[in-house]
């Protein structure tokens, strides 16, 4: 595996073309029913979700400012998060989200099942 250093304190390695960090973001499912799933995510600096795929379209609503590296097999992009500025993501895209900023990020993720 190729090693990639992002910050002085965290070392990441590549797996399946997605960055895999040492620390995982913390999540809490707040609602999960036939129509929606609502999850609260908390990312410490340099933490990540780990590679995963959503079976449904979803909306992300940041509660704090921050910078989130979004990685897919097609490439990487950094999204600057602002509280309350939501964005939409399509289902079925394997991705990893990594906090590349210096502060904690908290966001809500709403999956639309029907």
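The set of residues in segment 7-34 being more than 15 Å from the chain's Cα centre (by Cα) and either modelled with pLDDT of 95 or more or within 17 Å of residue 79 (Cβ to Cβ) (or both) consists of 30, 31, 32, 33, 34. When restricted to residues that are closer than 20 Å to residue 30 by Cα and out of contact with any strand residue (DSSP E or B) (no Cβ under 7 Å at 6 or more places or on another chain), segment 61-83 contains 0.
Among the residues of segment 43-60, which ones are part of a strand (DSSP E or B) and surrounded by fewer than 16 Cβ atoms within 10 Å (Cβ to Cβ)? Within segment 43-60, 52, 59 qualify. Counting only residues that are in contact (Cβ under 8 Å) with a residue 40 or more places away in the chain and in a loop (DSSP other than H, G, I, E, B), segment 86-102 holds 5 of them. When 67, 37 are checked against the criterion of being within 12 Å of the chain's Cα centre (by Cα), surrounded by 14 or more Cβ atoms within 10 Å (Cβ to Cβ) and modelled with pLDDT of 95 or more, 67 stands alone in meeting it. For segment 84-111, the set of residues classified as farther than 20 Å from residue 24 by Cα and exposed (fewer than 14 other Cβ atoms within 10 Å of the Cβ) consists of 84, 85, 86, 87, 88, 90, 91, 92, listed by residue number.
The values are calculated or read from the model by the stated rules, or taken from the named source; none is laboratory data. Worth saying up front: this structure is predicted, and the values here are computed from it rather than measured. Counting neighbours? That spans all protein chains shown, and the Cβs are built from the backbone with ideal geometry, glycine included.
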